[in-house]
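Below you'll find the structure, written out as structure tokens, and then a few comments.
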Amino acid sequence: MEWLSEAISAFFGFTYYYPLFMAYLWMSGAWIYFLRWEKPFGDQVSRPPELAAYPGVSILVPCHNEAENIEETVRWLNLQRYDDYEILVVNDGSTDTTGEILDRLAGRYERVRAIHLKSNQGKACALTVGAMAARNEFLICIDGDVVLDPWASRWMVWHLTTSARVGGVTGNPRIRNRSTLLGKVQVGEFSSIIGLIKRAQRIYGRVFTVSGAVAAFRRSALQEVGFWATDMVTEDIDISWKLQLHFWDIRYEPHAICWLLMPETFKGLWKQRLRWAQGGAEVFLKNFYRIWDWKRRRMFMVFVEYCISVVWAYSMLAITLLWALGKVVTLPPLLQVRTLLPGWTGLLLGITCLIQFAVSMVIDARYDRRFGKTYFWIIWYPVAFWLINIFTIAVGFPRAVMKPRGKRALWKSPDRGLHKK
Amino acid sequence: MTEQEHVSNNPDDLLENYPENLIIDRPDLKSMPFLLGEQLLTLIFWGFWFYLWLPLISILAWAFGFHILYSHIVALGGFEGFLKQLHVFFGGIFFASGILALWSLYNLKRYGAYNRRTEVFTTDHEALEKFFSLSSDQLRTMHQAKRLTVSFSEDGSITGVLVTTIPAHRDNKG
């Protein structure tokens, strides 16, 4: 029984050490990326590299019931520091006044074209129709509530023009709404976790996903993989895996900034994160058999990272249940969990989190000078992030398993913060 | 956002004080109890965060003669326990970072200069027409139209693409 004792001990060790090691993995990867790819360009978002040519770009904006935001989004899109571009706004069966606003904007701005889908078909379908109607090979896809930095197109097109193997480029989303604690915590999250993970994954060679809020694509690459899948709840994760499994590179460009609105209620945040978790699981299940090919080995790191994160979520849940069960019944000594407080590991976790915040400050503050102000609030993030991760994976994974294949994923307008109430 | 900002179409107005003008930080939208509650809770949570550091604090306290949090020393193996954990901790970090470094080096060596896609691909319009079941004329029309209406069948296939004119609107001259 000694092996069982050791196995259980390793299991408990894994649950405490996993977040710790991942933090260092992300930090070291992000640091390598920063020194190799980011630092040489300095901190000037408004100084992208000069391109040999400036090919035409089509900016696609799929939207559904975005009457409150779409006008601002389009006004900012007209300020892109790029000569040859068009803006295609795809109204996906909105039931509010989005359609009328789009027609007005198309009349007002020469670059703007309006596409109305008669019924709600989902974001993936709206993007695909946009890609079909686009005049240009390079597509930049943004959400209908996003403000794109005036220089973002140039940063993203730079990748697409300098390497023929780049199929997609993901940008750097920053959060606008910071009125509540949830808003402020997510500002920290996007820098200290998502930003570090994206950089680290570029060092792995493959990314888990492009940002759904801002990403650029080569249309011929999308065509090769059959465009966006209409039955996945997160079309961004799916398209990232499809492109990379077809040997297209996806780059991360931190200088390509966009400003977006995030949920500021627990309900809104839960729904959003659950969708992300379910979407990740759907893509994992869809590609489970395709990944076991030596030619696709560059995806292994991302695949393994995802598998471990799911195992960890269920392990943490099991430990918590064992601890709670131990309060009411007597468990075998091997399965007894005396406390959930991590002792010395807690000290290491505490120090690690502060180091992680510091690293993200050094790397990321150049893109958002107000970021430092959120440092006071970020202390919530490690616990909030890992707790949300546990519960959304625990609920989202079975949902993905049970979901009927081919069922179309439609969308609803999410919570956009306190100021929209 | 104020009404004045909402209606402004002047690019200079939008870019003035960018990106600070995009940030929405409106504590005035929160009630005073909500505002104070958030701050108080976060302060308490910082306290909890440092509670995680109890083993270190207890060591220091012990060094100064305070025998508080004795259990951390006994139950968790005291400083030796910490050193033992540090061993695993640094081992894990070096192992994980080492794997990452090796993997990224392998990637760089194997794929850095290796580019099978030397040819710059562009969209194959014939394939595009086939993919969407459209004729060349329809696709060309789609590329030129200022306003389109697309209808779908129950199963999500495109059943019609209609080029429509933009309804007259008094603001269109904007």
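The values are calculated or read from the model by the stated rules, or taken from the named source; none is laboratory data. Source: prediction; values computed, not measured. Methodologically, a virtual Cβ is constructed for each residue, glycine included, from the backbone with ideal geometry; neighbour enumeration extends over all protein chains shown.
Restricting the search to segment A:72-100, which residues are in contact with a helix residue (DSSP H, G or I) (Cβ under 6 Å, 6 or more places away or on another chain), more than 10 Å from chain B (Cβ to nearest Cβ) and among the hydrophobic types (A, V, I, L, M, F, W, C)?
A:VAL74, A:ILE87, A:VAL89, listed by residue number.
What is the number of the single condition among (1) surrounded by fewer than 18 Cβ atoms within 10 Å (Cβ to Cβ); (2) under 17 Å from A:ASP364 (Cβ atoms); (3) facing chain B (nearest Cβ under 10 Å) that A:GLY13 does not meet?
(2)
Would you confirm, using the coordinates I've provided, whether A:SER240 is touching a residue at least 12 places away in the same chain (Cβ under 8 Å), within 14 Å of another protein chain (Cβ to nearest Cβ), out of contact with any His (no Cβ under 8 Å at 6 or more places or on another chain) and of a type in the set (Ser, Thr, Tyr)? Give the steps one after another, and end with the answer.
Working: touching a residue at least 12 places away in the same chain (Cβ under 8 Å): yes; within 14 Å of another protein chain (Cβ to nearest Cβ): no; out of contact with any His (no Cβ under 8 Å at 6 or more places or on another chain): yes; of a type in the set (Ser, Thr, Tyr): yes.
Considered against the rule, which asks whether it is touching a residue at least 12 places away in the same chain (Cβ under 8 Å), within 14 Å of another protein chain (Cβ to nearest Cβ), out of contact with any His (no Cβ under 8 Å at 6 or more places or on another chain) and of a type in the set (Ser, Thr, Tyr), A:SER240 comes out as no.
For residues that are within 21 Å of the chain's Cα centre (by Cα) and within 11 Å of another protein chain (Cβ to nearest Cβ), tally how many sit in segment A:354-380.
Total satisfying the criteria: 6.
Hey, any hits in segment A:295-318 for a residue that's in a helix (DSSP H, G or I), away from every other protein chain (no Cβ under 11 Å) and more than 26 Å from A:VAL401 (Cα to Cα)?
yes
Sort through A:SER94, A:SER58, A:SER9 and tell me the only one that's of a type outside the set (D, E, K, R) and within 30 Å of A:PRO332 (Cα to Cα).
Details: A:SER94 fails: within 30 Å of A:PRO332 (Cα to Cα); A:SER58 fails: within 30 Å of A:PRO332 (Cα to Cα).
Just a single option satisfies the conditions, and that option is A:SER9.
Quick check, is B:ASN107 under 35 Å from the mean Cα position of the chain (by Cα), loosely packed, with under 15 Cβ neighbours inside 10 Å, within 9 Å of another protein chain (Cβ to nearest Cβ) and without any contact (Cβ under 8 Å) to a residue 24 or more places away in the chain? Steps first, please.
Details: under 35 Å from the mean Cα position of the chain (by Cα): yes; loosely packed, with under 15 Cβ neighbours inside 10 Å: no; within 9 Å of another protein chain (Cβ to nearest Cβ): yes; without any contact (Cβ under 8 Å) to a residue 24 or more places away in the chain: yes.
Against the criterion (under 35 Å from the mean Cα position of the chain (by Cα), loosely packed, with under 15 Cβ neighbours inside 10 Å, within 9 Å of another protein chain (Cβ to nearest Cβ) and without any contact (Cβ under 8 Å) to a residue 24 or more places away in the chain), B:ASN107 does not qualify.
Within the group A:GLY343, A:GLY396, A:GLY417, which residue is at pLDDT 80 or above, in contact with a Leu (Cβ under 8 Å, 6 or more places away or on another chain) and buried (at least 20 other Cβ atoms within 10 Å of the Cβ)? Spell out how you get there, then give the answer.
Numbers: A:GLY343 fails: at pLDDT 80 or above; A:GLY417 fails: at pLDDT 80 or above.
Answer to the check: A:GLY396.
Can you pull out every residue in segment A:380-390 that is touching a residue at least 24 places away in the same chain (Cβ under 8 Å) and of a type outside the set (S, T, N, Q)?
Going through segment A:380-390, the residues touching a residue at least 24 places away in the same chain (Cβ under 8 Å) turn out to be A:380-382, A:384-386, A:388-390.
Those that are touching a residue at least 24 places away in the same chain (Cβ under 8 Å) and of a type outside the set (S, T, N, Q): A:TRP380, A:TYR381, A:PRO382, A:ALA384, A:PHE385, A:TRP386, A:ILE388, A:ILE390.
Quick one: which of B:TRP62, B:TRP49 is surrounded by 13 or more Cβ atoms within 10 Å (Cβ to Cβ) and modelled with pLDDT of 80 or more? Spell out the reasoning first.
Numbers: B:TRP62 fails: modelled with pLDDT of 80 or more.
Answer to the check: B:TRP49.
Sort through A:GLU68, A:GLU2, A:GLU6 and tell me the only one that's more than 30 Å from A:VAL311 (Cβ to Cβ) and not basic (Lys, Arg). It would help to see each step written out before you state the result.
Details: A:GLU2 fails: more than 30 Å from A:VAL311 (Cβ to Cβ); A:GLU6 fails: more than 30 Å from A:VAL311 (Cβ to Cβ).
Selected residue: A:GLU68, the only one of A:GLU68, A:GLU2, A:GLU6 that is more than 30 Å from A:VAL311 (Cβ to Cβ) and not basic (Lys, Arg).
With (1) within 13 Å of another protein chain (Cβ to nearest Cβ); (2) under 23 Å from the mean Cα position of the chain (by Cα) as the list, and A:VAL61 as the residue in question, which single condition is left unmet?
The number of the failed condition is (1).
For A:GLU71, all conditions in the list (1) assigned to a loop (DSSP other than H, G, I, E, B); (2) among the acidic types (Asp, Glu); (3) within 21 Å of A:PRO150 (Cβ to Cβ); (4) without any contact (Cβ under 8 Å) to a residue 40 or more places away in the chain hold save one; what is the number of the exception?
Unmet condition: (1).
Looking only at segment A:140-156, count how many residues are more than 10 Å from every other protein chain (Cβ to nearest Cβ) and either free of Cβ contacts under 8 Å to residues at least 40 places away in the same chain or out of contact with any Asp or Glu (no Cβ under 7 Å at 6 or more places or on another chain) (or both).
Restricting attention to segment A:140-156, the residues satisfying the condition of being more than 10 Å from every other protein chain (Cβ to nearest Cβ) are A:140-146, A:148, A:151-156.
If we keep only those that are either free of Cβ contacts under 8 Å to residues at least 40 places away in the same chain or out of contact with any Asp or Glu (no Cβ under 7 Å at 6 or more places or on another chain) (or both) as well, we get A:140-143, A:146, A:148, A:151-154.
Matching residues across segment A:140-156 total 10.
Only one residue in A:ASN177, A:ASN172 is crowded, with 24+ Cβ neighbours inside 10 Å, out of contact with any Phe, Trp or Tyr (no Cβ under 8 Å at 6 or more places or on another chain), within 14 Å of chain B (Cβ to nearest Cβ) and touching a residue at least 40 places away in the same chain (Cβ under 8 Å). Which one? Even if it seems obvious, please write down each step before you answer.
Values: A:ASN172 fails: out of contact with any Phe, Trp or Tyr (no Cβ under 8 Å at 6 or more places or on another chain).
Exactly one of A:ASN177, A:ASN172 is crowded, with 24+ Cβ neighbours inside 10 Å, out of contact with any Phe, Trp or Tyr (no Cβ under 8 Å at 6 or more places or on another chain), within 14 Å of chain B (Cβ to nearest Cβ) and touching a residue at least 40 places away in the same chain (Cβ under 8 Å), namely A:ASN177.
I need a count of the residues in segment A:325-347 that are assigned to a loop (DSSP other than H, G, I, E, B), closer than 17 Å to A:SER315 by Cα and over 33 Å from the mean Cα position of the chain (by Cα).
Narrowing segment A:325-347 to residues assigned to a loop (DSSP other than H, G, I, E, B): A:327-332, A:336-343.
In the following step, the residues that additionally are closer than 17 Å to A:SER315 by Cα were identified as A:336-342.
Retained after the next criterion (residues that are over 33 Å from the mean Cα position of the chain (by Cα)): A:336-339.
Within segment A:325-347, residues that are assigned to a loop (DSSP other than H, G, I, E, B), closer than 17 Å to A:SER315 by Cα and over 33 Å from the mean Cα position of the chain (by Cα) number 4.
Can you confirm whether segment A:23-40 contains a residue that is in contact with a strand residue (DSSP E or B) (Cβ under 9 Å, 6 or more places away or on another chain) and part of a loop (DSSP other than H, G, I, E, B)?
no
Scanning segment A:214-228 for residues that are touching an Asp or Glu at 6+ places or on another chain (Cβ under 9 Å) and buried (at least 23 other Cβ atoms within 10 Å of the Cβ), which turns out nearest to the other protein chains (Cβ to nearest Cβ)? Steps first, answer last, please.
Narrowing segment A:214-228 to residues touching an Asp or Glu at 6+ places or on another chain (Cβ under 9 Å): A:214-216, A:218-220, A:223, A:228.
From what's left, buried (at least 23 other Cβ atoms within 10 Å of the Cβ): A:214-216, A:218, A:228.
Numbers: A:VAL214: 14, A:ALA215: 17, A:ALA216: 15, A:ARG218: 7, A:TRP228: 12 Å.
Here the answer is A:ARG218.
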